1. Which residue is nearest to A70 (Cα to Cα), if the candidates are limited to region 28-47 and must be in contact with a helix residue (DSSP H, G or I) (Cβ under 7 Å, 6 or more places away or on another chain) and at pLDDT 85 or above?
2. Residue by residue through region 42-52, note down the ones that are in a loop (DSSP other than H, G, I, E, B) and farther than 15 Å from A13 by Cα.
Amino acid sequence: MSNRVFLTDKEVASVVGVSQMTVTRICKGQFGKHQKLLLAKPEKIGEGRRWNIYKLASALGISVEEIERAI
């Protein structure tokens, strides 16, 4: 198991199976599909968004190990 706690939009996109632009659109409320992704409540850090891996796993209903394999 990795020591990672936060993921980038690009890594979240690869887990969900969409493009990075789609993740951005979901966060802006422009794209209705995959809105359960927002249950993970990404944090704004500097200019970027960071996703807590444990909150993301809970929101998607998958394990942290499955997320790490998908990255």
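The values are calculated or read from the model by the stated rules, or taken from the named source; none is laboratory data. As the structure is a computational prediction, the values presented were derived from the model and not from experiment. Cβ: placed from backbone, ideal geometry, glycine included. Neighbour counts: every protein chain shown.
1. Looking only at region 28-47, we keep the residues that are in contact with a helix residue (DSSP H, G or I) (Cβ under 7 Å, 6 or more places away or on another chain), and these are 31, 34-42.
Now drop any that are not at pLDDT 85 or above, which leaves 37-42.
Values: L37: 16, L38: 19, L39: 19, A40: 17, K41: 20, P42: 19 Å.
Checking each candidate, the answer is L37.
2. Initially, region 42-52 is screened for residues in a loop (DSSP other than H, G, I, E, B), giving 42, 46-47.
Of everything in region 42-52, those that are in a loop (DSSP other than H, G, I, E, B) and farther than 15 Å from A13 by Cα turn out to be G46, E47.
Matching residues to (1) exposed (fewer than 11 other Cβ atoms within 10 Å of the Cβ); (2) within 9 Å of the chain's Cα centre (by Cα); (3) assigned to a loop (DSSP other than H, G, I, E, B):
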residue: N3; (1), (2), (3): yes, no, yes
residue: V15; (1), (2), (3): no, yes, no
residue: V23; (1), (2), (3): no, yes, no
residue: F31; (1), (2), (3): no, no, yes
residue: K36; (1), (2), (3): no, no, no
residue: Y54; (1), (2), (3): no, no, no
